[in-house]
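The values are calculated or read from the model by the stated rules, or taken from the named source; none is laboratory data. Not measured: the values here are computed from a predicted model. Heads up, the Cβs are rebuilt from the backbone with ideal geometry, glycines too, and the neighbour counts pull from every protein chain shown. Side chains included, ligands, DNA and RNA excluded: accessible areas come from the protein's heavy atoms. Shrake-Rupley method; radii C 1.70, N 1.55, O 1.52, S 1.80 Å.
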Amino acid sequence: MCSFIYKRLTITILSIFFLLFLSGAYGFSRYSVCEIEGVNIAGMTQEVARQKIERELQRQLKEKKLIIQIENKRYSFRYPELYYKTNLMEVLQQVQAKKGKYILQKELCLTNLERSLRGICDDFYRHSVDAGIVFHGRSPEKPVFQYTRDRAGRFLDGKQLRQDVENALQKNFKKERLIHARTIYKNAKFQVCDAKASTRLLASFCTYFATSNAERTHNITLASQFINGTVLEPNMLFSFNEKTGPRTVERGFQEAHIIQEGEFINGVGGGVCQVSTTVYNCALLAGLKIVEYHPHSLQVGYVAPSFDAMVNGRVCDLKFKNCYDMPVYIASRVQDNQLRVEVYGLPTGVTYSRESVILEKIAPKEPEICIGDEEKILRPEKEGVRSEGYLIIEKDGQIERKKIRTDSYKSVQAKIQILPSIQENTDTREIEDI
């Protein structure tokens with residue numbers, strides 16, 4: 001009897017050890033149906049079961065594709081960029097030696113979501129480009145202005161894109177998910193229409209000269225070329241002497257009539273003051289702020305009194321300032337016997353005109369007479385004047401008459417050359433009657 005009990009006990013203990021062995025070797029019941037994500041793992045060790053289930057999850061992931069569409073460009077994400085976060089290990093531990101069918105908690109994820117989306121946004125981003133203005137001035141070959149086109153900036157609605165991607169991942173789509181990213185365009189601050197509006201003709205002024213004086217014509221043309229194409233930025237000061245530089249023979253200037261101490265004499269750069277005067281008047285009509293000007297000592301013939309602007313390379317300059325918020329552009333050209341200066345910029349709705357008023361005429365002295373070998377006028381007389389210059393400002397139908405200067409121009413005494421007097425020889429002896 002004891003032997004029988006002993007044998008039964010031995011068999012029971014061996015059975016228990018055998019079952020424990022099977023449990024340690026396989027981890028799950030050999031005879032029960034145990035499925036996770038449709039994968040039967042009965043009779044498998046935990047490690048083998050994990051590998052098999054992960055292969056199934058990879059198979060599922062390889063069928064998925066997340067596409068972000070941006071206009072005509074696509075960004076695709078597939079396995080391994082798409083991956084699952086699961087509770088697989090937790091489930092494996094819970095279902096050990098149990099039968100049943102289990103579904104994992106799966107969260108579809110995109111590797112480095114933040115960096116990936118930022119890379120797409122950066123790749124698509126394009127900054128806006130303002131329109132450009134190329135100013136040629138007056139040229140026979142090119143237009144006064146040329147414009148480069150503006151370009152709108154663009155960027156993605158990154159916040160919306162992230163939300164759409166996260167929503168797609170949360171729904172754990174089966175095959176393919178297409179997301180259309182929202183693009184935003186931002187116009188350039190300064191467009192071609194703005195560029196054209198800011199380069200309208202503000203004022204023009206022209207003076208005339210005799211082309212028979214070749215040297216003077218040459219100097220006027222040369223100085224005009226130095227002025228042509230000037231761009232004056234806001235608050236920038238224009239200096240005529242700086243623009244034209246020294247008036248020397250080495251720089252191409254020639255001798256012509258100039259005024260010195262009330263006399264017309266020959267000097268290098270004669271005629272340049274006509275250019276400065278023309279620029280001065282155009283600047284006035286464009287509403288620029290005159291900072292420095294100088295009248296001639298004698299009245300000139302190419303502009304009304306109180307509207308001349310004398311310059312020399314030493315102490316006298318013409319200066320004015322761009323008081324606008326936008327650049328102004330100065331063009332200058334000589335055509336035939338005309339010097340024309342133009343100022344372009346953004347119109348303000350204000351118009352300007354000029355008025356010269358003669359206060360007094362100053363008669364010249366009696367002509368100076370000298371003897372020579374022929375009769376001729378060495379220096380013609382010229383009347384002097386006292387005058388005032390006014391700037392007429394019109395805005396919104398209101399007119400303001402503003403005195404801007406008072407000047408006095410000397411008279412010029414004529415100088416006339418005559419022939420020597422002819423005196424007849426006369427016999428002074430007394431003649432007696434016979």
Spatial separation of Cα centroids for the stretch 202-229 and the stretch 51-123, in angstrom: 79
Length released on extending from CYS370 to ILE418, taking residue separation times 0.36 nm less the Cα-Cα span: 16.7 nm
In range of the label at LYS402: residues from the stretch 175-204 whose backbone nitrogen is under 19 Å from the point 7 Å along Cα→Cβ: 202-204
Extended-chain gain in nm, criterion 0.36 nm per residue less alpha-carbon gap, PHE173 and CYS193: 2.3 nm
In degrees, nearest ten, helix 46-62 long axis to first principal axis of the chain (Cα): 40
Rounded to the nearest 20 debye, dipole of the chain from Cβ charges on Lys, Arg, Asp, Glu: 6080
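Using 26 Å as the Cα-Cα cut-off, could you pick out the over-long pairs in LYS159/LYS186; LYS65/LYS85; LYS65/LYS98; LYS99/LYS174? Working shown, then result.
Numbers: LYS159/LYS186 17 Å; LYS65/LYS85 17 Å; LYS65/LYS98 35 Å; LYS99/LYS174 28 Å.
Check vs 26 Å cut-off fails for LYS65/LYS98; LYS99/LYS174.
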For the chain, average projected area of the Cα convex hull in nm²: 43.7
Cα long-axis angle, helix 158-170 against the chain (0 to 90 degrees, to the nearest 10): 10
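Roll a 1.4 Å probe over the protein chains and send me the accessible area per residue for the stretch 286-434 in Å². Intermediate results must be reported in sequence, preceding the final value.
On the way: 9470 Å² over 149 residues.
Heavy-atom SASA per residue in the stretch 286-434 reads 64 Å².
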Lysines with Cα under 26 Å of LYS319, excluding same-chain neighbours fewer than 8 positions away: LYS243, LYS289, LYS395, LYS402, LYS403, LYS410
Farthest toward positive dipole pole in the chain [+1 Lys/Arg, -1 Asp/Glu at C-beta], among SER356, PHE240, TYR324: TYR324
Carbon/sulfur fraction of accessible area - the chain, other protein chains in place, 1.4 Å, %: 50
Burial order of peptide ranges 116-122, 180-186, 398-404 (average beta-carbon count within 10 Å, highest first): 116-122, 180-186, 398-404
